[in-house]
C-alpha cells in the first residue's frame with residue numbers, strides 16, 4: 001500500500017517534470033527564433049507521443065500522472081479575466097456591435113463545422129469536437145465533456161485552429177483588405193483563441209486588446225449556445 | 001513580491017471557488033468561466049488590486065499553454081481515427097477557421113470604414 005503510493009507519486013513527479021522540461025525547452029527555442037510556427041505546445045505534443053510509444057508507456061498512465069497539470073486549466077481561465085479587465089474601458093463604446101458580430105460568426109461556424117463533419121464522417125463525437133475548436137482550450141474541453149465529444153480530438157482541433165489563424169491570419173486578412181489592427185485582432189481572437197492572441201500580441205497593443213476581447217466573448221457565446229445548436233442539429237440530422 | 005504571489009493565488013482561487021458554487025446552482029457555464037467573470041468584476045470595481053496581481057497573472061497567461069499538453073498527447077489513443085479521417089478533419093478545421101476569420105474581419109473592417117467616413121463627413125461640415 002505504502003509502496004504503491006510512493007511509486008505513484010514518483011511517477012507523477014517524473015511525468016510532470018518531463019512535460020515541463022520538454023515544453024520549456026521549446027519555449028526557449030521559440031524565444032530565440034521568434035517564429036510563431038515553432039509553437040511549444042504543438043512541438044511538445046509531437047515530442048511526447050513518440051517518447052511514450054518508444055518506452056511503451058500507456059497513455060492512461062501518463063494522463064493520470066499529469067492530472068495536476070490538467071487541473072491548472074481552471075485557474076488559468078480565471079486568470080484570463082485580467083486582460084478583459086484591462087480592455088474594458090477601450091471597448092465599452094462598440095460593445096453591442098462587437099457582441100452581435102461575434103455571435104453570428106460563432107453560431108455560423110459551429111453549425112457548419114458540425115454539419116460538415118457529421119456528413120463526412122458520420123461520427124457525433126468528432127462533430128462535437130470540431131465544432132468547439134475556436135474557443136480557448138479549457139472551455140473547449142469543458143464543453144466537450146458536457147456534450148460527450150472526444151477530449152483529445154478537441155484539444156488537437158483547437159491547437160490546429162489556433163495555429164492556422166496565428167500563422168496565416170495576418171497575411172490573409174491583409175490580402176482581403178482587412179488592414180485595421182482592431183479588425184485583425186477581433187478576427188484572429190474569434191477564430192484562433194489564446195494561441196492566435198498570444199502570437200499577434202507582439203504586433204501591437206491594439207491587436208492584443210481586440211484579440212483577447214474576441215477570445216473571451218466568443219468563449220462566453222459558445223458556452224451558452226453550442227449545447228443548444230448541437231442538440232437542435234442532432235434532432236434534425 | 002512574495003506577498004503579491006500569495007495575493008494573486010488567493011484571489012484566483014477565491015474567484016474559482018465562487019464560480020464552483022455558482023455552477024452548483026446554475027450549471028449553464030463551466031465554473032472557470034464564472035470565475036473569470038467574477039475576477040474581472042472584482043478588478044473593475046477595485047475590490048482587487050490590479051497592480052498587485054499583474055506580474056503574476058501575466059506570467060501565468062504566457063505559460064498556461066503547458067497545461068494543455070497532456071490532453072493533446074491523448075491523440076495517440078485515436079490512431080485509427082486519425083488514420084481514417086485525419087485529412088478530412090484537418091481540411092474541415094482549416095476551412096471553417098478561415099471562414100470565421102474572413103467573416104469577422106471583413107464585417108468589422110466595413111463597420112469601421114463606415115464609422116470613419118461618417119466621422120469625416122461631419123468634420124467637413
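For the reader, a short list of remarks on this structure follows.
- P(r), alpha carbons of the protein assembly as shown - 10 Å bins starting at zero, rounded %: 5, 24, 33, 26, 9, 2, 1, 0, 0
- Percentage relative contact order, the range A:2-71, counting C-alpha pairs under 8 Å, at least six apart: 40
- By the helix-only formula, in which each DSSP H run with n ≥ 4 contributes -39500 (n - 2.57) and the sum is divided by residues, the protein assembly as shown has a 222 nm mean residue ellipticity of -28500 deg cm²/dmol.
- Using every pair of distinct Cα positions in the range A:78-236, the Kirkwood expression returns a hydrodynamic radius of 15.6 angstrom.
- Alpha carbon centroid spacing (whole Å) that separates the range B:30-76 from the range A:203-237: 18
- Separation of alpha-carbon centers, the range A:53-125 and the range A:135-196, rounded to whole Å: 8
- Rg and Dmax of the range A:95-183, based on Cα coordinates, read 14.4, 40 Å.
- Taking other C-beta atoms within 10 Å as the exposure proxy, A:44, A:211, A:129 rank A:44, A:129, A:211 from fewest upward.
- FRET efficiency, residue B:41 to residue A:96 (Cβ-Cβ, R0 22 Å, nearest 0.05): 0.70
- Sorted by Cβ density within 10 Å, fewest first, the residues A:232, B:96: A:232, B:96
- Rounded if a/c under 1.5, otherwise prolate or oblate - chain B, Cα gyration tensor axes: oblate
- Across chain A, C-alpha contacts under 8 Å between residues 6 or more apart give a mean separation that, scaled by the residue count, equals a relative contact order of 17 percent.
- Shielding by partners - mean other protein chain Cβ count within 10 Å, residues of A:177-187: 6
- Where the Cα pairs of the range A:2-71 fall when distances are cut into 10 Å bins, in %: 19, 46, 26, 8, 2
- Here the label points at residue B:17 and residue A:89, each 7 Å from Cα along the C-beta direction, are separated by 3.1 nm in the simple model.
- For the segment A:152-164, counting C-beta atoms of other chains within 10 Å of every residue's C-beta and taking the mean gives 6.
- Mean separation of Cα pairs under 8 Å and 6 or more residues apart, divided by the residue count, gives the range B:1-95 a relative contact order of 24 percent.
- Computed from the C-beta positions of residue A:72 and residue B:123 and an R0 of 45 Å, the FRET efficiency is 0.30 to the nearest 0.05.
- Full-extension gain in nm, residue A:35 to residue A:64, via 0.36 nm per residue minus C-alpha separation: 7.2 nm
- Estimated FRET transfer efficiency when R0 is 22 angstrom, pair residue A:235-residue A:120 (beta carbons, to 0.05): 0.65
- Averaged over peptide B:23-30, the number of partner chain Cβ atoms lying within 10 Å of each residue's Cβ comes to 3.
Read-outs throughout are calculated quantities, based only on the coordinates presented, and are distinct from any laboratory measurement. What you see is a predicted model, and the numbers here were worked out from it, not measured in a lab. Heads up, the Cβs are rebuilt from the backbone with ideal geometry, glycines too, and the neighbour counts pull from every protein chain shown.
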